[in-house]
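Following: one structure in structure tokens, then a few remarks.
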Amino acid sequence: MSNDYKTGVWQMTAAMLISGSIGVFVLLSGQPVTDVVFWRCLVGALTLFILTRLSGDWRSHLTLKVIVVAALGGVALVFNWLLLFAAYSRLSIGLATLVYNTQPLMLVLMSMLFLGEKVTRAKWYWLLAAFGGMALVLAGQLTGSHHDGWLLGIAMALGAAFFYALTALITRRLKGVPPQQIALVQVSVGVLMLLPVSHFSLSPTPFQWSILVLLGVLHTGVMYQLLYGAIQKLPTPVTGSLSFIYPLVAIAADQWVFGHSLSLHQLAGGALILLAAAGNNLGWGEKAKAPAQAASR
């Protein structure tokens with residue numbers, strides 16, 4: 001096992017552990033969602049700028065075309081954060097995260113609809129499995145008499161998944177551009193988008209300020225650096241496998257900090273959604289490509 005591989009594994013693991021705690025920090029901040037995302041973008045942009053400056057490579061690929069495409073992805077990313085953070089208070093962190101993990105399947109559908117990519121039979125099976133998981137999640141809640149806010153939370157989490165998939169689809173057009181530079185443009189766009197609607201008249205406590213700063217420094221700047229460093233060192237199946245640390249940590253953190261637990265229906269539906277996402281990401285059920293013939297001697 002090479003040193004690069006080992007480094008990539010711990011980087012990916014650390015990035016997913018950090019990601020899994022985002023929901024707890026968002027709720028502990030006690031601030032409006034627009035403010036949380038604004039400060040995350042602002043502090044995250046400053047952190048990414050410092051980190052990329054230290055690496056000596058912060059604008060090597062930032063042509064006008066790259067900036068425009070990355071900015072479009074930034075708009076989608078900001079809507080993704082706004083919807084996901086709003087869903088936390090209407091569902092729970094764990095449940096919102098499970099629903100949000102339908103985004104790999106949404107990316108498959110969007111690639112088929114907008115890019116004309118073919119969807120294999122195996123991917124269709126995983127899409128159906130994810131739909132079945134959503135049905136189980138919904139069935140566990142709709143037996144109650146009051147579920148309007150809960151349904152809105154589900155819609156928000158699904159909307160967040162859609163915008164995350166849209167971000168990934170747009171970012172595909174930036175092959176060869178260092179991911180840190182893309183992220184820097186995206187969060188900078190978030191600052192400009194949310195500046196007019198942020199509540200500067202509010203006065204967060206020192207504790208709340210520390211939470212907002214951590215969301216920008218740790219959960220944005222540092223997490224992006226770890227994530228992109230891991231992606232550069234690890235094969236896709238390994239990053240796909242380690243990415244499922246994120247929802248598991250989110251569910252555990254929600255239970256530990258806020259005492260939110262999932263029902264059996266929700267656990268079963270969530271497990272099916274995660275299984276479908278894993279099958280899609282790792283290519284389970286896909287036909288193996290025929291090995292290339294050995295070159296003649």
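Report Rg/Rh for the chain, rounded to two decimals, where Rg is the Cα radius of gyration and Rh the Kirkwood radius.
Ratio value, two decimals: 0.98.
Greater than 27 Å separation of Cα atoms is the criterion. Which listed pairs, Lys118/Lys175; Lys123/Lys175; Lys175/Lys233; Lys6/Lys123, meet it? Intermediate values should be presented prior to the final figure.
Details: Lys118/Lys175 21 Å; Lys123/Lys175 24 Å; Lys175/Lys233 16 Å; Lys6/Lys123 30 Å.
The answer is Lys6/Lys123.
What are the trypsin sites (Lys or Arg not before Pro) within the stretch 52-130 that DSSP puts in a loop, where the Cβ has at most 11 other Cβ atoms within 10 Å?
Details: sites: Arg53, Arg59, Lys65, Arg90, Lys118, Arg121, Lys123; in loops: Arg59, Lys118.
Here the trypsin sites (Lys or Arg not before Pro) that fit, given the DSSP loop and packing criteria, are Lys118.
Rounded to whole Å and sorted largest first, list the principal axis extents of the Cα atoms in the stretch 23-116.
42, 40, 20
Find the Cα radius of gyration of the stretch 73-231, compare it with 2.2 N^0.38 Å by division, and give the number to two decimals.
For the stretch 73-231, the normalised Cα radius of gyration is 1.18.
Each reported figure results from applying straightforward, stated rules to the coordinates on display, with no laboratory input. Being a predicted model, the structure only gives us computed values, none of them experimental. Every residue, glycine among them, receives a Cβ derived from its backbone with ideal geometry; neighbour counts consider all protein chains shown.
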